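Structure first, commentary second.
All of the numbers you see were taken from the coordinates with simple rules; none came from a lab. Remember, predicted model here, so these are calculated numbers, not experimental data. Backbone-built Cβ (ideal geometry, glycine too); neighbour counts: all protein chains shown.
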Amino acid sequence: EAEVAQSPRYKITEKSQAVAFWCDPISGHATLYWYRQILGQGPELLVQFQDESVVDDSQLPKDRFSAERLKGVDSTLKIQPAELGDSAMYLCASSPDIGVGYTFGSGTRLTVV
Amino acid sequence: EDKVVQSPLSLVVHEGDTVTLNCSYEVTNFRSLLWYKQEKKAPTFLFMLTSSGIEKKSGRLSSILDKKELFSILNITATQTGDSAIYLCAVSNTGKLIFGQGTTLQVKP
């Protein structure tokens with residue numbers, strides 16, 4: 001069964017350091033999403049790509065977060081500098097097209113110390 | 001502002017009990033409502049609902065949507081300890097998912 005691949009699974013970093021997460025969506029899925037899930041809350045959309053273009057990044061803290069999907073396939077989410085409040089699960093999801101057939105990856109659990 | 005609200009936030013039951021989880025929403029451009037189960041990792045898909053009044057079932061789980069009153073329920077009958085998880089409700093609009101805060105279910109032996 002096709003999966004959304006994410007790495008690393010776990011990351012511990014010191015505050016003010018840079019950290020990056022990688023996501024490889026299911027082959028052929030045009031739409032890719034990054035969500036952040038703080039402990040005890042539901043996931044919140046950070047950024048949505050359609051192919052290589054950003055569709056929605058209204059909730060992305062652009063002073064420290066950046067995301068790219070240069071070739072419209074895999075994607076990287078970066079935080080620089082990391083803050084204590086960034087500790088969360090970062091989930092990547094993909095779908096064949098906007099609004100249908102979401103599949104989530106296993107997530108990256110980030111701890112900022 | 002679009003929002004999805006789940007209740008209760010947490011629930012403790014014993015094996016064999018039946019539980020009902022609630023999800024209400026206020027979302028523009030509604031497309032569908034989805035239920036997910038999350039056990040310490042990524043959410044796994046349970047149901048997608050698009051039409052009012054049509055129950056979806058999978059084993060002991062069932063769900064229904066009321067688009068007039070803007071809510072959905074997820075029922076779990078004859079609960080088992082393996083049902084212990086966070087249950088997330090999400091509404092899809094113009095492509096993104098808007099999640100509720102989740103209901104944490106604990107099923108005791």
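If you project the alpha carbons of the range A:5-106 onto the principal axes, what extent comes out on each, in Å, largest first?
Cα spread of the range A:5-106 along its principal axes, largest to smallest: 36, 27, 24 Å.
Applying the Karplus parametrisation 6.51 cos²θ - 1.76 cosθ + 1.60 with θ = phi - 60° to the phi angles of the range A:77-91, what ³J(HN,Hα) value in whole Hz is obtained for each residue in order, glycine and proline being reported as x?
For the range A:77-91, the Karplus curve yields 10, 10, 10, 7, x, 6, 10, 4, x, 7, 4, 4, 9, 10, 10 Hz.
Place a +1 charge on the Cβ of each Lys and Arg in the range B:3-108 and a -1 charge on the Cβ of each Asp and Glu, then give the dipole magnitude about the Cα centre in debye, rounded to the nearest 20.
Details: 12 positive and 8 negative charges, 67 e Å.
Value, rounded to 20: 320 debye.
5 Å is the cut-off here: which amide hydrogens, built 1.01 Å from N in the peptide plane, fall below it relative to A:SER87, excluding neighbours closer than 5 in sequence?
Here A:VAL112 satisfy the definition.
Looking at the range A:1-38, which trypsin sites (Lys or Arg not before Pro) are in a loop (DSSP not H, G, I, E or B) and have at most 14 other Cβ atoms within 10 Å?
Those that pass, being in a loop and sparsely packed, are A:ARG9, A:LYS15.
Just in the range B:18-83: which trypsin sites (Lys or Arg not before Pro) are loop by DSSP and have at most 11 other Cβ atoms within 10 Å?
Taking the range B:18-83 and a limit of 11 other Cβ atoms within 10 Å, the loop trypsin sites (Lys or Arg not before Pro) found are B:LYS40, B:LYS68.
With θ taken as phi - 60° and the coefficients 6.51, -1.76 and 1.60, list the Karplus ³J(HN,Hα) couplings across the range B:71-78 in order, rounded to whole Hz; mark glycine and proline as x.
Result, ordered by residue: 8, 9, 10, 10, 9, 10, 9, 6 Hz.
Looking at the calculated P(r) for chain B, what percent of the C-alpha pair distances fall above 23 Å?
Summing the P(r) of chain B above 23 Å gives 22 percent of all pairs.
Identify the trypsin sites (Lys or Arg not before Pro) of the range A:42-113 meeting these criteria: DSSP loop state and at most 14 other C-beta atoms within 10 Å of the C-beta.
A:LYS62, A:ARG64, A:LYS71
Treating only the Cβ of Lys, Arg, Asp and Glu as charged (+1, +1, -1, -1), what charge dipole size does chain A show about its Cα centre? Round to the nearest 20 debye.
Working: 10 positive and 15 negative charges, 81 e Å.
Roughly 380 debye for chain A.
Take every residue in peptide A:9-22, count the Cβ atoms of other chains within 10 Å of its Cβ, and give the average of those counts.
Whole-number average of other-chain Cβ neighbours for A:9-22 is 0.
Over the range A:5-106, what is the relative contact order in percent, taking alpha-carbon pairs closer than 8 angstrom and at least six residues apart?
Computed over the range A:5-106, the figure is 35 percent.
Obtain the nm distance between the two label points defined at A:TRP22 and B:ARG60 by a simple spin-label model: each point lies 7 Å from its Cα along the Cα-to-C-beta direction.
4.1
Out of residues 5 or more away from A:ASP56 or on other chains, whose amide H comes under 5 Å of its own, with H placed 1.01 Å from N in the peptide plane?
Under 5 Å from the amide H of A:ASP56: A:GLN48.
From other protein chains only, count the Cβ atoms within 10 Å of every residue's Cβ in B:6-17, then give the mean. Mind showing how you got there, number by number?
Working: counts 1, 0, 0, 1, 1, 0, 0, 0, 0, 0, 0, 0.
Across B:6-17, the average partner-chain Cβ count within 10 Å equals 0.
Taking 7 Å along the Cα-to-C-beta vector as the label spot, tell me the B:THR104-B:LYS67 distance in nanometres, rounded to one decimal.
Result: 3.5 nm between the two label points.
Based on alpha-carbon atoms only, what is the radius of gyration of the protein assembly as shown relative to the globular estimate 2.2 N^0.38 Å?
1.02
I need to check one value: relative contact order of the range B:4-104, counting alpha carbon pairs closer than 8 Å and at least 6 residues apart, in percent.
Reported as a whole number, the value is 38 percent.
Placing +1 on the Cβ of each Lys and Arg and -1 on the Cβ of each Asp and Glu in the range B:3-108, which of B:ALA85, B:LEU21, B:PHE99 has its Cα farthest towards the positive end of the resulting dipole?
Checking the options against the dipole of the range B:3-108, the answer is B:PHE99.
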